[in-house]
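J.: What follows is a structure written as structure tokens; I'll ask about it next.
The values are calculated or read from the model by the stated rules, or taken from the named source; none is laboratory data. From a predicted model like this one, the values you see are computed outputs, not experimental measurements. Ideal geometry is used to build each Cβ from the backbone, glycine not excepted, and the neighbour counts take in all protein chains shown. Surface areas here come from the heavy atoms of the whole protein model, side chains and all, with no ligands, DNA or RNA. Shrake-Rupley method; radii C 1.70, N 1.55, O 1.52, S 1.80 Å.
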Amino acid sequence: MHDFKFKKKRLFAEDVDLAQIVNNVGTPAFVYSRKTLLDRFNEIKNAFKKIDPLICYSMKANSNLSICKLLVKEGAGLDIVSGGELYRAKKVKVAAKKIVFASVGKTDEEITEAIKSNILFFNVESISELKRINVIAKDLKKKQKVAIRVNPDVDAKTHHYITTAKKQNKFGVDIKTTNSIFLTYAKKLKNIDICCIHIHIGSQITTISPFVQAVKKTVALIDGLNSKGACITHLNIGGGLGIIYKDEKPQTVEQYAKAIMPIIKNKGLKLIMEPGRFIAGNSGVLLTKIIHVKETSVKRFYIIDAAMNDLLRPAFYEAYHEIVATKKTKGKKKKSADIVGAVCESGDFLAKGRQLPDDLKQNDILAVMSAGAYGFSMSSNYNSRKRAAEVLVSGKKYQLIRRRESYSDLIRNEIVVNI
Ligand code: LLP
């Protein structure tokens, strides 16, 4: 599943002892495995190899330039959601025709930049946006390909914060509106070419049926539209594949491919996918040091040098991340503890009521597992905390891929005025 394993009581990333990284880089630090990243990407590629889809890695999961570059070199396209991600995409020199751009709120500036960059598709989320893209494309004397992001109204059965395809969600347009877009606008808006339907039903989905339901609904919609004169050539099925954080039993990517491919067989559609978590999630850990062990009358706290500003998922979604000591201790007995950061919020925890060896002590290093996706990319400077360093391991080697922030980074853009 990933390349973080114990070798004689010490946790390694591939062939690098994590203690070595801690000594040289310090904590907190995100450490990624190059091999796991590539393996996960290639698992998808191989499972779908019969139909050779365009796999656009969803940068929001982890947009570190070295990680994006690694995946782009392996053949990935990129799924972006902002001008900032477009800027990053250009930095890693991905072919423009492998970029797809989603977001419910693309600004004129972002639309202009993306059209000028010759991206493959905008994934359009409203009629208002569709018209805006047409106007801007006209000004630029271009014809822009777009996808309509359809909200298929299926329940992805995942956390309510990361479900995106219910009627109540802000994403996409419903099937009725999609039909009327084709009737009313497809011919009228001369500077856009609507040739793709996009769906993304949620994230961390562990059962296959919502995917199947959504793709079936979408293919039926495409059939209907094409029979009425539309020319839809691409289907983008988004991301959403769940991974193992604890004891989930998500579908394998082979099962996913076997369920999806027959639905689109013989439809002549080019498939696009946007996996994020599946590629990056299990490929990274967050290393953190125990600063204090605090015993109260009711429980033990391990206070660590990482916090919710480094890894927001537990605080935000009550997400579970496995936590292990990087050096196996002698302690056979386990003791329940909360693992918390130093941020001034009761919600600042990385784990609650976790059974850990009872002899853990100050300065011991913990690894928060499966922190490669939506870890660093959701981190912040809350409480004026410097964001963590990032390191990429490859075999016996490791390289810093983002320096730990400095205090001067924290105030770089501030202007002290006399008032
Ligand atoms: N495509 C679109 C349009 C998306 O909105 C997303 C994720 C993806 C692809 C990638 O989905 P994935 O394959 O990673 O499931 N911060 C949350 C996850 C938010 C996902 C947002 N959209 C978390 O930490 O669980």
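J.: If you check every pair at least six apart or on different chains, which have Cβ atoms under 8 Å apart with a residue in segment 180-208 that is assigned to a helix (DSSP H, G or I) first and a residue that is open to solvent by 10 Å² or more (accessible area, probe 1.4 Å) and within 16 Å of the ligand (Cβ to nearest atom) second?
T.: 181/173
J.: If a residue has to be in contact (Cβ under 8 Å) with a residue 60 or more places away in the chain, within 29 Å of residue 101 (Cβ to Cβ) and more than 13 Å from the ligand (Cβ to nearest atom) to count, how many in segment 261-289 make the cut?
T.: Residues meeting the conditions: 4.
J.: If you don't mind, there's one more thing I want to ask. For residues that are within 16 Å of the ligand (Cβ to nearest atom), surrounded by fewer than 23 Cβ atoms within 10 Å (Cβ to Cβ) and basic (Lys, Arg), tally how many sit in segment 115-165.
T.: The total comes to 1.
J.: So which of 181, 148, 175, 127 is in contact with a Lys or Arg (Cβ under 9 Å, 6 or more places away or on another chain), outside the structural domain of residue 374 (by TED's automatic domain parsing) and not aromatic (Phe, Trp, Tyr)?
T.: 175
J.: Any residue in segment 364-384 that is acidic (Asp, Glu) sitting within a Cβ distance under 6 Å of a residue that is not in a helix (DSSP H, G or I)? List the pairs, counting only those 6 or more apart or interchain.
T.: That search, which allows pairs on different chains as well, returns 364/290; 364/325.
J.: Now a separate question. For segment 308-316, state whether one or more residues are away from the ligand (no atom under 16 Å from the Cβ) and among the basic types (Lys, Arg).
T.: no
J.: Return yes when residue 99 is within 16 Å of the ligand (Cβ to nearest atom) and closer than 18 Å to residue 77 by Cβ and no when it is not.
T.: So residue 99 passes the test.
J.: Do the conditions hold for residue 299, that is, is it under 30 Å from residue 363 (Cα atoms), among the basic types (Lys, Arg) and more than 11 Å from the ligand (Cβ to nearest atom)?
T.: yes
J.: Just checking, which of 230, 257 is away from the ligand (no atom under 14 Å from the Cβ) and open to solvent by 10 Å² or more (accessible area, probe 1.4 Å)?
T.: One residue alone meets the criteria, 230.
J.: Say we look at segment 185-215 and pick out the residues that are away from the ligand (no atom under 15 Å from the Cβ) and under 16 Å from residue 233 (Cα atoms); which of these is farthest from the chain's Cα centre (by Cα)?
T.: So the residue we want is 186.
J.: Can you list the strands (runs of 3 or more DSSP E) lying wholly within segment 264-311 that have 2 or more residues being in contact with a Gly (Cβ under 7 Å, 6 or more places away or on another chain)?
T.: It comes to 284-295.
J.: Applying the selection to segment 1-31, what residues are open to solvent by 20 Å² or more (accessible area, probe 1.4 Å), within 21 Å of the chain's Cα centre (by Cα) and of a type outside the set (A, V, I, L, M, F, W, C)?
T.: Those that are open to solvent by 20 Å² or more (accessible area, probe 1.4 Å), within 21 Å of the chain's Cα centre (by Cα) and of a type outside the set (A, V, I, L, M, F, W, C): 2, 3.
J.: Condition test on residue 337, is it within 16 Å of the ligand (Cβ to nearest atom), open to solvent by less than 30 Å² (accessible area, probe 1.4 Å) and assigned to a strand (DSSP E or B)?
T.: No: the conditions fail for residue 337.
J.: Taking only pairs six or more apart or across chains, which ones have beta-carbon atoms under 9 Å, a first residue in segment 153-164 that is among the aliphatic types (A, V, I, L, M), and a second residue that is at pLDDT 75 or above and near the ligand (Cβ under 7 Å from one of its atoms)?
T.: As it stands, the answer is 156/203; 156/204; 156/240; 162/203; 162/204; 162/240; 162/317, since those pairs meet every condition given.
J.: Quick check on residue 243: is it within 16 Å of the ligand (Cβ to nearest atom), assigned to a loop (DSSP other than H, G, I, E, B) and farther than 13 Å from residue 154 by Cβ?
T.: Against the criterion (within 16 Å of the ligand (Cβ to nearest atom), assigned to a loop (DSSP other than H, G, I, E, B) and farther than 13 Å from residue 154 by Cβ), residue 243 qualifies.
J.: Then there's this: Test of understanding: among 372, 331, 353, which residue is open to solvent by less than 90 Å² (accessible area, probe 1.4 Å), touching a helix residue (DSSP H, G or I) at 6+ places or on another chain (Cβ under 6 Å) and not hydrophobic (A, V, I, L, M, F, W, C)?
T.: Within the list 372, 331, 353, the selection yields 372.
J.: Would you call residue 79 farther than 18 Å from residue 284 by Cα and open to solvent by less than 10 Å² (accessible area, probe 1.4 Å)?
T.: yes
J.: In addition: Return the pairs, sorted by first residue and then second, in which the second residue is in a helix (DSSP H, G or I), the first residue lies in segment 107-118 and is of a type in the set (A, V, I, L, M, F, W, C), the beta carbons are less than 7 Å apart, and the residues are 6+ apart or on different chains.
T.: Sorted first by the residue in segment 107-118, then by its partner, the pairs are 111/132; 111/133; 111/136; 114/86; 115/136; 115/137.
J.: So which residues in segment 78-96 are out of contact with any Asp or Glu (no Cβ under 9 Å at 6 or more places or on another chain) and either within 21 Å of residue 43 (Cα to Cα) or more than 16 Å from the ligand (Cβ to nearest atom) (or both), if there are any at all?
T.: 90, 91, 92, 93, 94, 95, 96
J.: Of everything in segment 357-380 that's modelled with pLDDT of 95 or more and outside any loop (DSSP other than H, G, I, E, B), which residue is farthest from the chain's Cα centre (by Cα)?
T.: The extreme case among them is 365.
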